1. Inspect all residues belonging to region 321-336 and state whether any of them is in contact with a helix residue (DSSP H, G or I) (Cβ under 6 Å, 6 or more places away or on another chain), farther than 24 Å from T136 by Cα and not β-branched (V, I, T).
2. With the condition kept exactly as written, say whether any residue in region 229-252 is assigned by TED's automatic domain parsing to the domain that holds M27, of a type in the set (D, E) and at pLDDT below 95.
3. In this structure, is L364 of a type in the set (A, V, I, L, M), outside any loop (DSSP other than H, G, I, E, B), in contact with a Pro (Cβ under 8 Å, 6 or more places away or on another chain) and crowded, with 17+ Cβ neighbours inside 10 Å?
4. Of the residues that make up region 109-117, is at least one of a type outside the set (S, T, N, Q), surrounded by fewer than 23 Cβ atoms within 10 Å (Cβ to Cβ) and assigned to a strand (DSSP E or B)?
5. Evaluate the following for A312: is it within 30 Å of V369 (Cα to Cα), of a type in the set (A, V, I, L, M) and either under 12 Å from the mean Cα position of the chain (by Cα) or at pLDDT below 95 (or both)?
6. Does region 29-38 hold any residues that are surrounded by fewer than 19 Cβ atoms within 10 Å (Cβ to Cβ) and either in contact with a Phe, Trp or Tyr (Cβ under 7 Å, 6 or more places away or on another chain) or closer than 12 Å to Y106 by Cα (or both), and which are they?
7. Determine, yes or no, whether R41 is among the basic types (K, R) and either surrounded by 19 or more Cβ atoms within 10 Å (Cβ to Cβ) or closer than 16 Å to Y307 by Cα (or both).
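The values are calculated or read from the model by the stated rules, or taken from the named source; none is laboratory data. These numbers were taken from a predicted model, which means no experiment stands behind them. Neighbour counts run over all protein chains shown; Cβ positions are idealised from the backbone, glycine included.
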Amino acid sequence: MTRPTDLLPEGLEDRLPASAARITTAMRACLDVLHRHGYERVRPPLLEFERSLASRMQGIRTQAMFRFVDPASLRTLALRSDITPQVGRIAATSMKAAPRPLRLAYCGETALIRASQLDPARERLQLGAELVGADTIAAASEIAMVAIEALQAAGLTGISVDFTLPDLVDTLAERDGDTDPDQIEAIRRELDTKDAGGLRDAGGEAYLPLLYAAGPFDRALADLRAFDAGGALGTRLDGLEAIAARIAAVHGDAVRLTLDPTERYGFEYQTWFGFTLYAEGLRGAAGRGGTYRIGGSEEAATGFSLYVDHLAEAAPEAERGRAIYLPLGHDVEAAARLRAEGWRTLAQLGEGEDAAALGCTHVLEGAGVKELEQDR
């Protein structure tokens, strides 16, 4: 019977053994990919001064974070909701003198005061990579392709990448000489909701073609080039085409490429390039990435983030491995040898235990292993 005191807050949940094993397996697979590509892992603290977190990335809202006063310093602390700003701080301070480009990886828990309707979880395991000191096609391509490889290593299939241009409206407004910030924000809002009527009412009729320049990458890119008669987007569109070509050269039709140039959800601090990752069997996005500037140093960087506990929902079930039951008085040296060979062992603690019910497939007899008879 569940007591009221046993209930968890909304958006938080226990991960039982099968789910926890699936998350751990996916996490290790992703981190192995980052390690093989030269990304070195850092571990920022769970808490930081609120002001520090807010200053490292444009668009970071500390109101979405749990905050409280540090009794030691009497300054406001914040429980991180995103690890990327912390990696930016590390790159700009402790590793300021490290050779560039700097490749860093991370994995850790994050928390939100409120979750979105699209993703009700308030605690997430964030894993990612940041490539600091490069704002090039090569850097953006590497990050996107490493992110795809990480998802594949975690066992996800049917992967698709949706490109976007986070600063698109700003670029077009600058081209057209629009300086009214309220109108520009209204145009962004109507583009976000894909509302043609609202876009006209906001004075953004010239932006209407952007609502339809979305879908399969090649067609959407052609529509964007036709819209960009003055060439203000030329460099950005050439960059997207080059990145897509590199992904297609490696993955062919195995990875689907799409383009939605006005998508801004989840791109609070990205600059000219952004992408969202999707996978078969997964509700919502598997992860996001793009280019940005580190606040304070203004150094260019490119990165991606995956939420492992979410993407693990579509990952294959983790293998439990072979398990051997160790009876009372068993040969401890034989048991140690079996563990070194990769077996799992469960030692008997008392009379009346059921080895099969405990998940064992074998039993140690002397120095040998015997398979348990399973109920048919």
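1. Looking for residues that are in contact with a helix residue (DSSP H, G or I) (Cβ under 6 Å, 6 or more places away or on another chain), farther than 24 Å from T136 by Cα and not β-branched (V, I, T), one finds at least one in region 321-336, hence yes.
2. no
3. yes
4. So far as region 109-117 goes, yes, one or more of its residues are of a type outside the set (S, T, N, Q), surrounded by fewer than 23 Cβ atoms within 10 Å (Cβ to Cβ) and assigned to a strand (DSSP E or B).
5. So A312 fails the test.
6. Those that are surrounded by fewer than 19 Cβ atoms within 10 Å (Cβ to Cβ) and either in contact with a Phe, Trp or Tyr (Cβ under 7 Å, 6 or more places away or on another chain) or closer than 12 Å to Y106 by Cα (or both): D32, H35.
7. Details: among the basic types (K, R): yes; either surrounded by 19 or more Cβ atoms within 10 Å (Cβ to Cβ) or closer than 16 Å to Y307 by Cα (or both): no.
Spelling it out, it is not the case that R41 is among the basic types (K, R) and either surrounded by 19 or more Cβ atoms within 10 Å (Cβ to Cβ) or closer than 16 Å to Y307 by Cα (or both).
Yes/no per residue for (1) under 19 Å from the mean Cα position of the chain (by Cα); (2) over 20 Å from G287 (Cα atoms); (3) in the same structural domain as A140 (by TED's automatic domain parsing); (4) basic (K, R):
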residue	(1), (2), (3), (4)
A21	yes, yes, yes, no
F49	no, yes, yes, no
M57	yes, no, yes, no
A64	yes, no, yes, no
L77	no, yes, yes, no
C107	yes, no, yes, no
T110	yes, no, yes, no
